[in-house]
């Protein structure tokens with residue numbers, strides 16, 4: 001799976017208005033970022049002297065770009081949604097979370113499929129851990145899903 005970045009609002013502002021006056025190598029790398037092109041592509045199109053890998057790290061640390069996980073040709077950031085769902089699972093279930101995480105990872109990249117994976121995973125949690133944990137996790141995961149797919 002390749003790493004793909006998209007510009008944040010701050011990154012878009014820099015590209016459009018040069019508000020933050022980035023150095024030319026940072027600006028060049030920032031302009032290439034569109035949420036579709038992976039890091040390897042950006043590095044191959046950049047001059048080695050600009051150190052594009054370091055530029056990407058710095059741009060991310062400074063809030064100009066963010067890493068999105070694209071598992072397929074999904075244009076709506078469902079990969080990022082999967083990351084958020086997995087983080088939520090890990091917070092609620094630091095242990096014994098492999099089954100539900102795998103359900104999320106193996107799910108198709110649609111809201112309906114992710115919802116079904118959440119429900120199935122929570123059913124497993126209900127049967128193996130507790131109904132209370134399952135219900136809390138299910139509510140939290142559906143909130144993440146709803147908030148991540150509203151655009």
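The values are calculated or read from the model by the stated rules, or taken from the named source; none is laboratory data. For clarity, every value in this text was computed on a predicted model and none was experimentally measured. Positions of Cβ are backbone-derived with ideal geometry, glycine not excepted, and every protein chain shown enters the neighbour counts.
Every residue in the stretch 33-45 that is under 25 Å from residue 82 (Cα atoms) and not in a loop (DSSP other than H, G, I, E, B), please. Steps first, answer last, please.
At the first step, the residues of the stretch 33-45 found to be under 25 Å from residue 82 (Cα atoms) are 33-42.
Of everything in the stretch 33-45, those that are under 25 Å from residue 82 (Cα atoms) and not in a loop (DSSP other than H, G, I, E, B) turn out to be 38, 39, 40, 41, 42.
Would you please name the residue that is farthest from the chain's Cα centre (by Cα), looking only at residues in the stretch 11-24 that are in a helix (DSSP H, G or I) and buried (at least 17 other Cβ atoms within 10 Å of the Cβ)?
Restricting to residues being in a helix (DSSP H, G or I) and buried (at least 17 other Cβ atoms within 10 Å of the Cβ), the top hit is 14.
Here are 64, 124: which of them is more than 26 Å from residue 3 (Cα to Cα) and touching a helix residue (DSSP H, G or I) at 6+ places or on another chain (Cβ under 7 Å)?
Going through 64, 124 in turn, the sole match is 124.
Conditions (1) modelled with pLDDT under 85; (2) more than 16 Å from residue 8 (Cα to Cα); (3) outside any loop (DSSP other than H, G, I, E, B), marked per residue:
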{"position": "59", "(1), (2), (3)": "no, no, yes"}
{"position": "80", "(1), (2), (3)": "yes, no, yes"}
{"position": "84", "(1), (2), (3)": "no, yes, yes"}
{"position": "90", "(1), (2), (3)": "no, yes, yes"}
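Can you pull out every residue in the stretch 98-113 that is in a helix (DSSP H, G or I) and without any contact (Cβ under 8 Å) to a residue 12 or more places away in the chain? Break it down into steps so the answer makes sense when it comes.
Filtering the stretch 98-113 down to residues in a helix (DSSP H, G or I) leaves 98-106, 111-113.
Across the stretch 98-113, the qualifying residues are 98, 102, 106, 112, 113.
For the stretch 29-45, give me the residue count where each residue is touching a helix residue (DSSP H, G or I) at 6+ places or on another chain (Cβ under 7 Å) and over 16 Å from residue 62 (Cα atoms).
Count: 5.
Consider residue 24 against the criteria (1) on the phi < 0 side of the Ramachandran plot; (2) in contact (Cβ under 8 Å) with a residue 24 or more places away in the chain: it satisfies all of them except one. Which criterion is unmet?
With respect to (1) on the phi < 0 side of the Ramachandran plot; (2) in contact (Cβ under 8 Å) with a residue 24 or more places away in the chain, residue 24 is out only on (2).
What number goes with the only condition from (1) modelled with pLDDT under 85; (2) assigned to a helix (DSSP H, G or I) that residue 75 does not pass?
If we test residue 75 against (1) modelled with pLDDT under 85; (2) assigned to a helix (DSSP H, G or I), just (2) comes out false.
Which condition does residue 142 not pass, out of (1) at pLDDT 85 or above; (2) under 21 Å from residue 68 (Cβ atoms); (3) over 15 Å from the mean Cα position of the chain (by Cα), if it passes all the others?
Against the list (1) at pLDDT 85 or above; (2) under 21 Å from residue 68 (Cβ atoms); (3) over 15 Å from the mean Cα position of the chain (by Cα), residue 142 comes up short only on (2).
If you go through the stretch 21-44 one residue at a time, how many are modelled with pLDDT of 95 or more and farther than 13 Å from residue 55 by Cα?
Total satisfying the criteria: 1.
Modelled with pLDDT under 85 and either within 20 Å of the chain's Cα centre (by Cα) or not in a loop (DSSP other than H, G, I, E, B) (or both) - does that describe any residue in the stretch 114-125? Working first, answer last.
Taking the stretch 114-125 first, the residues modelled with pLDDT under 85 are none.
No; the residues of the stretch 114-125 include none that is modelled with pLDDT under 85 and either within 20 Å of the chain's Cα centre (by Cα) or not in a loop (DSSP other than H, G, I, E, B) (or both).
Go through (1) assigned to a helix (DSSP H, G or I); (2) over 28 Å from residue 38 (Cβ atoms) and name the single condition residue 95 misses.
(1)
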